[in-house]
1. Quick one: what pairs do we get from segment 61-87, first residue closer than 16 Å to Asp100 by Cα and without any contact (Cβ under 8 Å) to a residue 40 or more places away in the chain, second in a helix (DSSP H, G or I) and of a type in the set (Gly, Ala, Ser), C-beta under 9 Å, 6+ apart or different chains?
2. Of all residues in segment 512-546, how many are among the aliphatic types (A, V, I, L, M) and either near the ligand (Cβ under 10 Å from one of its atoms) or surrounded by fewer than 21 Cβ atoms within 10 Å (Cβ to Cβ) (or both)?
3. How many residues does segment 456-467 contain that are under 18 Å from the mean Cα position of the chain (by Cα) and either closer than 15 Å to Asp162 by Cα or not charged (D, E, K, R) (or both)?
4. Just for segment 341-389: of the residues that are more than 16 Å from the ligand (Cβ to nearest atom) and acidic (Asp, Glu), which one is surrounded by the most Cβ atoms within 10 Å (Cβ to Cβ)?
5. Go over the candidates Thr482, Thr497, Thr461, Thr475 one by one and state the one that is more than 29 Å from Thr261 (Cβ to Cβ) and within 16 Å of the ligand (Cβ to nearest atom).
6. Being within 16 Å of the ligand (Cβ to nearest atom), assigned to a helix (DSSP H, G or I) and in contact with a Pro (Cβ under 7 Å, 6 or more places away or on another chain), is that true of even one residue in segment 395-412?
7. Tally the residues that are in a helix (DSSP H, G or I), within 16 Å of the ligand (Cβ to nearest atom) and either within 13 Å of the chain's Cα centre (by Cα) or among the β-branched types (Val, Ile, Thr) (or both), restricting the search to segment 290-338.
Amino acid sequence: MIKINSFEEYKEHYKLSVEQPEKFWDYIANEFVWHKKWTKTLEWNFEEPKINWFINGQLNITQNCIDRHLPQYANKTAFIFEPNNPNEKNEIISYQKLHDEVCRLANVLLKMGVNKGDTVCIYMPMIPQAVYAMLACARIGAIHSVVFGGFSSNALKDRINDAKCKIILTTDGAYRGNKVIPMKETIDEALTHCDSVKNVLVYKRTNTKVTMLNNRDLDWEEEIKNQPTICEPVFVDSEHPLFILYTSGSTGKPKGVVHTTGGYMVYTAYTFTNVFQYSPNDIYWCTADVGWITGHSYIAYAPLLNAATTVLFEGVPTYPDASRFWQVIDKHNVTHFYTAPTAIRALEAAGLDFVKPYKLSSLKVLGSVGEPINEEAWHWYNTNIGKNNCPIVDTWWQTETAGILISPLAGITKTKPGYATLPLPGIQPILVDDKGVEITGNSIEGNLCIKFPWPGIIRTTYGDHERCKQTYFSTYKGLYFTGDGCKRDKDGNYRITGRVDDVINVSGHRIGTAEVESAINMHEDIVESAVTGYPHEIKGQGIYAYCITTNDNKNSDQLKKEIIEIVNKEIGPIAKPDKIQIVNGLPKTRSGKIMRRILRKVAEGEISNLGDTSTLLDPNVVDDILKGRIH
Ligand code: WTA
């Protein structure tokens, strides 16, 4: 993969990528194996939007992730599986073994009648089979929709139905710290309301007792047992969907972000090489879950496209104790470590005694992703983990962008705590005011948009193209709107300040306030609710819920408990409110709109200046809310 070796080279690449984007990306894309070369590099408009890259090209991404490397790297380790339990043996998966396992599973999918373009739901923990599952789909041109294992059966049901999944791949259960979590049981609950699903393939991980439905549920090991380790790749067009991944926005239910094959491959592979400055003998570890975009792009696809060796970790940072990450780094001589600020803050809070016993001398590069990293956490990471010797790449990107857009290149770009620094080649950021007017110059702040497509940009939202247009391409004409606020310093470095829409970022997970509200409103005693974020020491943001009840007789602790239960049931524990305030009314304008700004300020504790409240229907509501504020 073409690697930038100096800051001068970065500037040259950047310049070329802006002045001649097609030439630039042609050059990168040429490094891969294409069944048929593209005839035109790019066609686009942000109005519809319609974005096509590497037009008329045909390829199979798994051929590029696996087969292409076999002549040289058949015995090279693709994955080191580090199980939840540190006493369980590691599993080493070579590129050859990966090939064989993916092919066997792909053959099972074919036998189950999965065709090119069919959708397959993957609901699995962080075990090698989850990656085999994704790649097996891609092998035969099926579209995977991975659903994070922490989502409830209701959330799962919505995602299965929206994507009309034909097949589900899952496990009996999942290990997570000292817990065993049911997976198949959750699938069973979801499937009472899903008509599209024909079969469920179940991998035994925890030996949890499960019920297997005749003719629907199949045992993974039984099915792959007699399958050959060869499965010819199905070639697809560059713009054939590779996967759907659901993500939260400011309104309505989560939407299925669609990424297509050619552009996704080129963009994720290129950014991996250059941001991390990965070299062939490095051991890379990204602690994300395959249920999120970071796991898709920077655990499954991009490292494999680079023939990298990756640690695949099933557990959590604090099990058996808060030294687990550092222990694993020493054990496997990890050179590149990529995690989220929330984990860094939690481990910082646990204290240095957990870090001290470990050398951490194999580390070369540290990464951060998912939310703004506060300066304190940045320095702690830099000093105690990187020993002031490892560049930190603060990588800003989104589910919709497929790969990293703004980040230092490790060891090349000068870092600055709290700043994602500079755009990668191919990325043209622009800051606009609320009217969409560009704010030029430096030392400025505005809404972050991107004005030119890159190969990994979102193509559509599954089954609802209009929603894609409305959400990302209509706020500011002719621009992709990220939903993030951003500062640009005097040297042109970017600092992401957080979401400017109604999305909360809790421990690096995106949660739509509307989703949480609609879950809370399902409680029979709640008439209305409003949810906002507030600063949380470990999670980045916590969830603050204001709820109006019709049942004044119910004990409020009991009611709060039930509210949490209903959110767990409707979405999952990641969305449960940290603070719940029962209120008599919400601050509304005369036209009935909730003034969220006020609620946000109260939740944030910024109560000295609530701004103009004169347009409120009933200003007294605010006094009541202030009185009952949860500290
Ligand atoms: C936030 C995760 C600051 C941002 C890859 C974005 C960040 C949202 C950073 C996307 C960062 C991600 N600095 N904020 N380095 N990385 N974000 O879709 O608000 O789960 O819009 O993708 O996370 O979250 P998503």
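The values are calculated or read from the model by the stated rules, or taken from the named source; none is laboratory data. This structure is a prediction, so every number in the text was calculated from the model and none was measured. Glycine gets a Cβ as well: all are built from the backbone with ideal geometry, and neighbour counts include every protein chain shown.
1. Close Cβ pairs satisfying both conditions: none exist.
2. The number of residues fulfilling the criteria is 4.
3. The total comes to 6.
4. The selected residue is Glu348.
5. Thr497
6. Step one: of segment 395-412, the residues within 16 Å of the ligand (Cβ to nearest atom) are 395-410.
Adding the requirement that they be assigned to a helix (DSSP H, G or I) leaves 399-401.
From what's left, in contact with a Pro (Cβ under 7 Å, 6 or more places away or on another chain): none.
Looking through segment 395-412, none of the residues is within 16 Å of the ligand (Cβ to nearest atom), assigned to a helix (DSSP H, G or I) and in contact with a Pro (Cβ under 7 Å, 6 or more places away or on another chain).
7. 8
The rows are residues; the columns are (1) touching a His at 6+ places or on another chain (Cβ under 9 Å); (2) of a type outside the set (A, V, I, L, M, F, W, C).
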site	(1), (2)
Asn5	no, yes
His13	no, yes
Ala29	no, no
Leu42	no, no
Ile51	no, no
Phe54	no, no
Gly57	yes, yes
Asn64	no, yes
Gln72	no, yes
